[in-house]
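Enquirer: Just dropping this structure here.
The values are calculated or read from the model by the stated rules, or taken from the named source; none is laboratory data. The shown structure was predicted, so the numbers you read here are calculated from the model rather than taken from an experiment. For neighbour counting, all protein chains shown are included, and Cβ atoms are generated from backbone atoms with ideal geometry for every residue, glycine included.
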Amino acid sequence: MQTITDPAEMQAIAGKLRTGRQLVGVVMTMGALHEGHLSLVKLARQQAGTVIMTLFVNPSQFGEGEDFQRYPRPFEKDEALARSAGVDYLFAPAPEAMYPEGFRTTVSCRGITERFEGELRPGHFDGVATVVSKLLNITRPHVAVFGEKDAQQLALIRRFTRDLQMDVEILAAPTVREEDGLAVSSRNIYLSGEERQKAPVIRRAILHAGGMVEAGERSLTAAAAEAGRMITESTGFGLDYAAFVDEETFEPAEKAVEGREYRLLVAVRATGVRLIDNEKFRA
Ligand code: PAF
């Protein structure tokens with residue numbers, strides 16, 4: 001595995017790879033690698049002969065008061081994990097290399113970004129869309145793999161890569177979970193022991209509400225409220241949202257139409273961290 005920090009050098013290598021015989025896959029990360037990231041690499045490996053991983057804690061997607069400074073950065077450990085997962089190139093630029101003096105451009109996508117995480121974290125999705133666009137231009141992959149855990153981010157990336165005619169296929173990888181159902185996340189380390197024990201209720205509540213819809217409940221609002229109630233009553237976590245969206249349009253959905261797919265999105269606040277999770281169901 002070759003580690004590269006200079007965007008121009010990565011882009012030059014990527015340009016050669018792109019015209020070679022093998023497909024190129026990219027997995028974008030902010031480091032603090034865990035099973036979830038490694039599952040993305042595995043999926044990229046199945047699709048592509050060459051796998052590039054990007055590792056960049058992107059300042060522009062963190063809002064004021066968020067955890068940019070304290071975000072874990074175990075670089076040597078990440079490098080070793082990437083190598084053993086079979087990554088060919090690790091692209092790990094410094095913030096100044098990605099956002100040099102004079103940088104003025106933002107990629108912004110309306111609609112999808114206006115609710116849920118977008119509403120609670122102003123500017124977050126502009127930061128994500130901008131850095132993902134840059135990283136796609138630098139690594140020039142045929143396929144890019146993103147986790148379903150960040151469902152709104154995935155919907156955004158699908159949207160702007162389509163809108164901007166970017167020549168890349170976006171693939172979704174299923175959420176990796178701990179044995180008790182908690183979605184694996186770099187931020188789970190911020191949970192206290194007690195919070196960690198309670199956190200699996202999020203998954204149980206999502207499955208319960210989704211089960212209601214699969215069993216014929218047509219009020220998505222009622223089913224989502226039931227998930228929210230289950231979580232708040234048994235954990236004491238603050239509920240940011242529990243809501244169904246249409247799987248195709250990502251628009252909030254109140255009434256289920258039989259045969260259509262919906263995704264239940266949930267975000268909660270524990271003491272030092274927000275947790276998000278989601279699942280898709282068919283009415
Ligand atoms: O999902 C993430 O880790 C980040 O949002 C991403 C896609 C690497 C962009 O910084």
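Enquirer: Within region 264-283, work out how many residues are buried (at least 22 other Cβ atoms within 10 Å of the Cβ) and of a type in the set (Lys, Arg).
Expert: 0
Enquirer: Among the residues of region 5-21, is any more than 28 Å from residue 124 (Cα to Cα), surrounded by fewer than 15 Cβ atoms within 10 Å (Cβ to Cβ) and aliphatic (A, V, I, L, M)?
Expert: Within region 5-21, one or more residues are more than 28 Å from residue 124 (Cα to Cα), surrounded by fewer than 15 Cβ atoms within 10 Å (Cβ to Cβ) and aliphatic (A, V, I, L, M).
Enquirer: For residue 144, are the conditions met, namely being within 11 Å of the ligand (Cβ to nearest atom), crowded, with 22+ Cβ neighbours inside 10 Å, in a helix (DSSP H, G or I) and at pLDDT 95 or above? Even if it seems obvious, please write down each step before you answer.
Expert: Values: within 11 Å of the ligand (Cβ to nearest atom): yes; crowded, with 22+ Cβ neighbours inside 10 Å: yes; in a helix (DSSP H, G or I): no; at pLDDT 95 or above: yes.
It is false that residue 144 is within 11 Å of the ligand (Cβ to nearest atom), crowded, with 22+ Cβ neighbours inside 10 Å, in a helix (DSSP H, G or I) and at pLDDT 95 or above.
Enquirer: Follow-up. Residues being within 16 Å of the ligand (Cβ to nearest atom) and of a type in the set (Asp, Glu): count how many of those fall in region 9-45.
Expert: Total meeting the criteria: 1.
Enquirer: For region 112-133, which positions are in a helix (DSSP H, G or I) and more than 10 Å from the ligand (Cβ to nearest atom)?
Expert: If the condition is that a residue be in a helix (DSSP H, G or I) and more than 10 Å from the ligand (Cβ to nearest atom), then 112, 113, 114, 117, 118, 119, 120, 126, 133 are the ones that fit.
Enquirer: Of everything in region 209-223, what is in a helix (DSSP H, G or I) and more than 16 Å from residue 279 (Cα to Cα)? Give them in sequence order.
Expert: 222
Enquirer: Scan region 147-169 residue by residue and report those that are surrounded by 18 or more Cβ atoms within 10 Å (Cβ to Cβ) and touching a Phe, Trp or Tyr at 6+ places or on another chain (Cβ under 9 Å).
Expert: 151, 152, 153, 154, 155, 156, 157, 159
Enquirer: In region 147-183, which residue that is within 30 Å of residue 195 (Cα to Cα) and acidic (Asp, Glu) is nearest to the ligand (Cβ to nearest atom)?
Expert: Once the filter is applied, the top-ranked residue is 150.
Enquirer: Being within 13 Å of the ligand (Cβ to nearest atom) and free of Cβ contacts under 8 Å to residues at least 40 places away in the same chain is the filter here; which residues of region 46-64 pass it?
Expert: Within region 46-64, 53, 55, 57 meet the criteria.
Enquirer: Determine whether region 156-174 contains at least one residue that is within 17 Å of residue 30 (Cα to Cα), touching a residue at least 40 places away in the same chain (Cβ under 8 Å) and under 14 Å from the mean Cα position of the chain (by Cα). Spell out the reasoning first.
Expert: Just the residues of region 156-174 that are within 17 Å of residue 30 (Cα to Cα), to begin with: 157, 173.
Narrowing further to those that are touching a residue at least 40 places away in the same chain (Cβ under 8 Å): 173.
Checking the rest, the ones that are also under 14 Å from the mean Cα position of the chain (by Cα) come to 173.
So far as region 156-174 goes, yes, one or more of its residues are within 17 Å of residue 30 (Cα to Cα), touching a residue at least 40 places away in the same chain (Cβ under 8 Å) and under 14 Å from the mean Cα position of the chain (by Cα).
Enquirer: With the condition kept exactly as written, say whether any residue in region 86-93 is aliphatic (A, V, I, L, M), farther than 18 Å from residue 173 by Cα and either in contact with a helix residue (DSSP H, G or I) (Cβ under 6 Å, 6 or more places away or on another chain) or within 16 Å of the ligand (Cβ to nearest atom) (or both).
Expert: Looking through region 86-93, at least one residue is aliphatic (A, V, I, L, M), farther than 18 Å from residue 173 by Cα and either in contact with a helix residue (DSSP H, G or I) (Cβ under 6 Å, 6 or more places away or on another chain) or within 16 Å of the ligand (Cβ to nearest atom) (or both).
Enquirer: Given (1) among the hydrophobic types (A, V, I, L, M, F, W, C); (2) within 24 Å of residue 39 (Cβ to Cβ); (3) surrounded by fewer than 16 Cβ atoms within 10 Å (Cβ to Cβ), where does residue 215 come up short, assuming only one miss?
Expert: Result: residue 215 passes all but (2).
Enquirer: Follow-up. Please enumerate the residues belonging to region 111-141 that are out of contact with any helix residue (DSSP H, G or I) (no Cβ under 7 Å at 6 or more places or on another chain) and surrounded by 24 or more Cβ atoms within 10 Å (Cβ to Cβ).
Expert: 141
Enquirer: Next question, about the same structure. Do the conditions hold for residue 68, that is, is it among the aromatic types (Phe, Trp, Tyr), within 20 Å of residue 137 (Cα to Cα) and either at pLDDT 95 or above or within 16 Å of the ligand (Cβ to nearest atom) (or both)?
Expert: On the way: among the aromatic types (Phe, Trp, Tyr): yes; within 20 Å of residue 137 (Cα to Cα): no; either at pLDDT 95 or above or within 16 Å of the ligand (Cβ to nearest atom) (or both): yes.
No; evaluated as a whole, the condition is false for this residue.
Enquirer: Follow-up. Return the residues of region 38-87 that are out of contact with any Leu (no Cβ under 9 Å at 6 or more places or on another chain) and among the acidic types (Asp, Glu); say none if nothing qualifies.
Expert: Within region 38-87, 64, 66, 67, 76 qualify.
Enquirer: Now, a different point. Name the single residue that is nearest to residue 46 (Cα to Cα) among those in region 147-176 being of a type outside the set (A, V, I, L, M) and in a helix (DSSP H, G or I).
Expert: Once the filter is applied, the top-ranked residue is 158.
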